[in-house]
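What follows draws every value from the coordinates through simple rules; no lab data is involved. Since the model is a prediction, treat every value here as computed from it, not as a measurement. For neighbour counting, all protein chains shown are included, and Cβ atoms are generated from backbone atoms with ideal geometry for every residue, glycine included.
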Amino acid sequence: MRMTCLLVAAILWAPAALAQTDPGPRPGPAGAGGPLPGLSANEQAFFTAARTNFQEVDTFANGLGPRMNLNSCAGCHAAPAVGGSSPATNPQVAFSSLLGPPNTLPSFITASGPIREVRFIKNPDGTPDGGVHDLFVITPNVGGPAACKLTQPNFAEAVEQHNAIFRIPTPTFGNGLVENLNDAQLQLSFNANAGMKAQLGISGHFNSSGNDGTITKFGWKAQNKSLLIFSGEAYNVEQGVTNDAFPNERETNPNCATNPTPESTTNLTTGNTTVAQEATNFNQDIVNFAAFMRLSAPPTPVPNAYPNTAFGQQVFVNVGCVGCHTQNFRTGPSAFTGQSNVTFTPFSDFAVHNMGEGLADGVSQGNANGAEFRSAPLWGLGQRLFFLHDGRTSDLLQAIEAHSSEGSEANRVISNFNALPNGAKQSLLNFLRSL
Ligand code: HEC
Ligand code: HEC
């Protein structure tokens, strides 16, 4: 009887099984999280010590809050290894309980959903806001001063008014190789397939630094210049830890911001064993955070994880995904051992593109407008749990379909994709999950 039911079920399911599906996060060991291959012994030791710093959990005594989204870099940059993206269980839920009242969980934070940070599109007077509004406020449970009485922003109202947008953590693996690319290399690569882009309706442009004018590459809108600047900003915005790069508290309530600033500074003494460990002891945290990411290896693809991945990669090229998700770059001269003239495959042009009204978040950063996003680097996609800037889906197929909406530069490429036979679509999905 049971056999028959299974048989019937199998027959009923057969047509669905033929349609293309995302194989899901690739099982097996994390293909990421280690140091770049070829580093010297000292650089490797430095990487390992810096990684410990990246995993440090802060309390108020060492700078946490008064407002924050979580209490460690590695809490958000967690999967599939330290340095990555959002893990399967959102640590913001447990963190909210740890903090206790008056903190409550906003509706868009759930245990099985992605880690999110929130930006508001507009201020109450209608002028553009765009800034991060931290989820939580400090409490005595994590060492906060009892006199500090802050309240969370009104997230329920912001959601109701469609004024809240979300960002999930981007993985940081291999970002030292990205940091190495200079403007000429990026521009050359961008121009190399100009004919193909024109044919497909793809334009795009680089974001750049208002300070030194060079191309900026990091963040969902390529809004940030360097891993050090991102670390300084994240430490303050995400954790409220003031530092040499961002020395002022964002929350200035005198009952709350009682630590001397900056809260993280360069140590002038050390007493430790190896040279590399000593170096990390002298550095302030943000230098170590940046060093960990700069010396981390790109994710390792597993080409034979699924059938037909080589064909899938050909499809990826043929339909025009490479118009934005550029496959290869080559580093120039690098200060780090064995990292000069290295070919790597981030699958991004590091430019920003108009992605249409379906993905637009209404927030401008640098010269990226409210509809523009950096071509998300696709390396490591095989083990990713959440996709797109706001983590709206865990399904690759939906992430691809979301590229298409009024005004998107990807519309023609997505029609090419949609016109493919199911087998070719499946091969493309298999290829993406092999990365
Ligand atoms: C509450 C979660 C959270 C914490 C904690 C956090 N981050 Fe992030 N991180 C994010 C989000 C979200 C983004 C994407 C932000 C954007 O582009 O708008 C991001 C992006 C980044 C990037 C950009 C990588 C790239 O390729 O685009 C770097 C670098 C980074 N974070 C470093 C850090 C460091 C260092 C720390 C610790 C000081 C840290 N983050 C703590 C959520 C977090
Ligand atoms: C016009 C440029 C462009 C084209 C063409 C394009 N993409 Fe993208 N892709 C982007 C941008 C920009 C994002 C980030 C969008 C966002 O998060 O809102 C993205 C995100 C993604 C993501 C989610 C990655 C993540 O980190 O969450 C996947 C998967 C993806 N693209 C696959 C593809 C595939 C497959 C194709 C070809 C069928 C393709 N893309 C074509 C620009 C493009």
### Query
Using the count of nearby Cβ atoms within 10 Å as a rough guide to exposure, how do H389, H162 rank from fewest to most?
H162, H389
## Note on the structure
Helix 227-239 sits off the longest principal axis of the Cα atoms of the chain, rounded to the nearest 10 on a 0 to 90 degree scale, by 70
### Task
Scan around G34 for amide H atoms under 5 Å from its own, H built in the peptide plane at 1.01 Å from N, and keep only partners 5 or more places away or cross-chain.
A297
### Note, ³J(HN,Hα) from phi for region 140-145, Karplus 6.51, -1.76, 1.60, rounded to Hz, x at Gly and Pro
x, 4, 10, x, x, x
## Note on the structure
Computed over the chain: longest principal axis from alpha-carbon atoms vs helix 285-294 long axis, angle to nearest 10 degrees, is 20
### Message
What do you get for the angle between helix 2-18 and the principal long axis of the chain? Use alpha-carbon atoms, 0 to 90 degrees, nearest ten.
### Response
90
### Message
Rounded to the nearest 20 debye, what is the charge dipole size of region 55-147 about its Cα centre when +1 sits on each Lys and Arg Cβ and -1 on each Asp and Glu Cβ?
### Response
140
### Query
From the residues F336, A30, L388, which one has its Cα farthest along the dipole of the chain in the positive direction, the dipole being from +1 and -1 charges on Cβ of Lys/Arg and Asp/Glu about the Cα centre?
A30
### Message
Could you identify which residue out of Q223, Q339, Q239 has the top mean-square fluctuation in a GNM of the chain using Cα springs shorter than 10 Å?
### Response
Q339
#### Entry: Mean separation of Cα contacts under 8 Å, 6 or more apart, over the residue count of the chain: relative contact order %
22
### Charge dipole magnitude, Cβ of K and R +1, D and E -1 - the chain, Cα centre, debye nearest 20
1120
### Query
Given only helices, namely DSSP H runs of n ≥ 4 each adding -39500 (n - 2.57), what is the per-residue ellipticity at 222 nm of the chain, to the nearest 500 deg cm²/dmol?
-9500 deg cm²/dmol
## Note on the structure
Checked against the positive end of the charge dipole of region 73-219 (+1 on Cβ of Lys and Arg, -1 on Cβ of Asp and Glu, about the Cα centre), the farthest of L105, C76, P87 is P87
